[in-house]
Amino acid sequence: MNLHLTRTAAGLAAPITISVAVAVGIGANLFYRHHSRTLLESARVTAVGRGEVIREALEHQMLEKDRGLILQMVSGFGQRDDIESLEILDHRGEVRYSTDQDMVGKVLSVESQTCQSCHQTPPPATSTTQVLETPERALLRVVVPLENQEACYACHDPAQGINGLLILDSDVGELRASMKRDLRWMVAGSATLAFLLVGAVAGIVQIAVLRRLRRFETAARRIADGDLDQRVPAAGSDTISWLGGEFNRMADSVTGLVREVRHQRERLETVINGIDDGIVVMDPGRRIVAANTSFLERTGHTRDEVLGCGCSEVAESTCSTTECPTLACLATGEHQVRICSRRDGTGVDRWEEVHSSPIRGSGGEIVQVVEVWRDISERRGAEARLAESHRLASLGMLASGFSHELNTPLATVLTCVEAILREVRVQDDDESAAHRIDQTATVARDQVLRCKGITQHFLRLSQGQTSPGEVVDLGAVVGSVTRLVGPTALAKGVRVQPSPIPSNLRVRANESDLQHALINLLLNSIQACGSEGVVAIQVEEGDSIRVRVEDDGCGIPAEELNRIFEPFVSLRQGGTGLGLFLALNFVRLWGGDIHVQSTQGSGSVFEISLPRIEDPGPEESSR
């Protein structure tokens, strides 16, 4: 029998046994009391009847005044086995006759112990019989009053109510012994009855309750072992049958939930096993609790081989305690990512990106860690190819920019050289011609110097270097740029009108970069204008210095305004789309920006803003 059922049986047997024992004990005690009272009452009735008979016999002899016969009668009664003693007292309490001659002549006081056994109760409640308990035995005392009748007036005062008392003591020890024997038999019978009752109740409980409860135990155990169709018999209309029905309904519900959980678990395992990434779950000791098929394929082990093993034993070729993401996750409680390499079964090196995430319990403690192994070999290859493509694209853009930047000054130099040749061919000692040749040669020299600066700039770009910063006089830069674009504007029929520039306006930038940005803006504005167009240059002071280049050309369509600074985006035929892109990068490199406002058909306004330098140091001013 199951230990729980044994305890249940013991729990039922104990109160039943106690209840039966108490009930039988109470019944036996009540029966014993009633039986004792009945026997004692019978003895009392017998003793009282005997006392009345003796009283009548003695009264007759007293009337005859035959004392000798009275003595013989008293002595004769005293020799009987059922009479312990017989005494006759007069109205003063003096013993006149007694079976014990030593008592004759003694006066019994009402205050004596033997008398108080009757006189301690009020007279109306005083009984004529009383059981006296002595150290040796128990006595039944019958007190019979000797009434003063008319026939007795000759010897007794008529005023007396009684002439004396007849005291008859009978030994009730045998009666008590009989009662004790009856009690013993009653106790033995009650114990036997209680035992039989307990046995009967135990049998009934065993058959009607425990045996049926064992069916619940068996069904529950089989359901726990996986037999989800196990049920208990529920036929009948008693409580246990009702309980069986409820148990079966509960089992149906639990069975449905277990089957649903199994189904969901199988689906989850199918999904997890279908993932290409390796997934492994570990406890805080880094022992493997679960793993999917992809992880097992990576390690070359079976599921039974890895469960319960440490991760360092299973993936020792890829596991490193110095870079272990799980150890870092356990130490910090945060998600960790590591990249490691491994060699697959074909001997090819593979790269894995390992993510470790904590699983926390109800108290916030980390109870498990989930590792996800993602093969990034193809991604790393693609990244390498993308980096190479990016490098080639950068070199291509660099080459395009280099050619674009050199074409402009070289075209200007060519124009200037051609002008010099024309002037030399027609030179007639005219001083104005010499002046024009000087100006043209100066422009050519500046353009050659600009080409030198451009080559140095692109050399720094190819080496990943930034342009060194310097303090630049903005007025000088604007004047130089105006001269550089002058021949191009003249050939196009466009006037370039610079506004007066305040002195001592300085910014921190690279002079060639700033010239490059302004030249690109001016050339774009000149090319956007038609014949007799105007390009204005203004410089404004404030929290920053703003250089405005405004033209009255064709303008820019609204849908193109957000794209004009992107590389290789050009709005004119033959353009490279790199001028504005490089200009914006140059300006932003020194903390500035370029803003544009344009209306198609009404011209455009480009504004370069740069931080102002108030008082440059001596070293910076001398540059």
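Scanning the range 478-522 for residues that are surrounded by fewer than 18 Cβ atoms within 10 Å (Cβ to Cβ), closer than 17 Å to Asp446 by Cβ and among the hydrophobic types (A, V, I, L, M, F, W, C) yields a single hit, Leu490. Filtering Val443, Val494, Val485 for residues that are touching a Leu at 6+ places or on another chain (Cβ under 8 Å), at pLDDT 65 or above, assigned by TED's automatic domain parsing to the domain that holds Gly530 and under 17 Å from Leu523 (Cα atoms) leaves a single hit, Val485.
Evaluating Val587 against the criteria (1) in contact (Cβ under 8 Å) with a residue 24 or more places away in the chain; (2) surrounded by fewer than 18 Cβ atoms within 10 Å (Cβ to Cβ) leaves one unmet condition, (2). A search for C-beta distances below 8 Å between a residue of the range 212-233 that is under 21 Å from Leu257 (Cβ atoms) and any residue that is among the basic types (Lys, Arg) and surrounded by 13 or more Cβ atoms within 10 Å (Cβ to Cβ), counting only pairs 6+ apart in sequence or on different chains, returns Ala219/Arg231; Gln230/Arg222; Val232/Arg215.
How about the range 187-204: which of its residues are over 30 Å from Ile240 (Cβ atoms) and buried (at least 17 other Cβ atoms within 10 Å of the Cβ)? The answer is Ser190, and nothing else. Of the strands (runs of 3 or more DSSP E) that lie entirely inside the range 288-362, those containing 2 or more residues that are over 32 Å from the mean Cα position of the chain (by Cα) and either at pLDDT 90 or above or within 14 Å of Trp373 (Cβ to Cβ) (or both) span 336-343, 349-360.
Which residue is surrounded by the most Cβ atoms within 10 Å (Cβ to Cβ), if the candidates are limited to the range 205-257 and must be part of a loop (DSSP other than H, G, I, E, B) and more than 39 Å from the chain's Cα centre (by Cα)?
Start the filter on the range 205-257 by keeping residues that are part of a loop (DSSP other than H, G, I, E, B), which leaves 225-238.
Filter again for more than 39 Å from the chain's Cα centre (by Cα), leaving 233-238.
Working: Pro233: 13, Ala234: 16, Ala235: 7, Gly236: 12, Ser237: 6, Asp238: 11.
Here the residue is Ala234.
Kindly evaluate Val48 against the criterion of being assigned to a helix (DSSP H, G or I) and at pLDDT 75 or above. Walk me through how you get there before you give the answer.
Details: assigned to a helix (DSSP H, G or I): yes; at pLDDT 75 or above: yes.
Yes, satisfied.
Looking across the range 277-286, not a single residue is surrounded by fewer than 11 Cβ atoms within 10 Å (Cβ to Cβ) and over 24 Å from the mean Cα position of the chain (by Cα). Within the range 540-569, being farther than 17 Å from Ser602 by Cα and buried (at least 19 other Cβ atoms within 10 Å of the Cβ) holds for Ile545, Val547, Ile564.
Results for (1) farther than 14 Å from Arg50 by Cβ; (2) among the aromatic types (Phe, Trp, Tyr); (3) modelled with pLDDT under 75, shown as yes or no for each residue.
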position	(1), (2), (3)
Leu132	yes, no, yes
Pro135	yes, no, yes
Ala138	yes, no, yes
Val144	no, no, no
Cys152	yes, no, yes
Cys155	yes, no, yes
Gln160	yes, no, yes
Gly164	yes, no, no
Glu174	yes, no, yes
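Number of residues in the range 28-47 that are exposed (fewer than 14 other Cβ atoms within 10 Å of the Cβ) and either within 29 Å of Asp169 (Cβ to Cβ) or touching a residue at least 60 places away in the same chain (Cβ under 8 Å) (or both): the value is 7.
The values are calculated or read from the model by the stated rules, or taken from the named source; none is laboratory data. Because the structure is predicted, anything quoted here is derived from the model rather than measured. In this analysis, Cβ positions are derived from the backbone assuming ideal geometry, glycine residues included, and neighbour counts consider all displayed protein chains.
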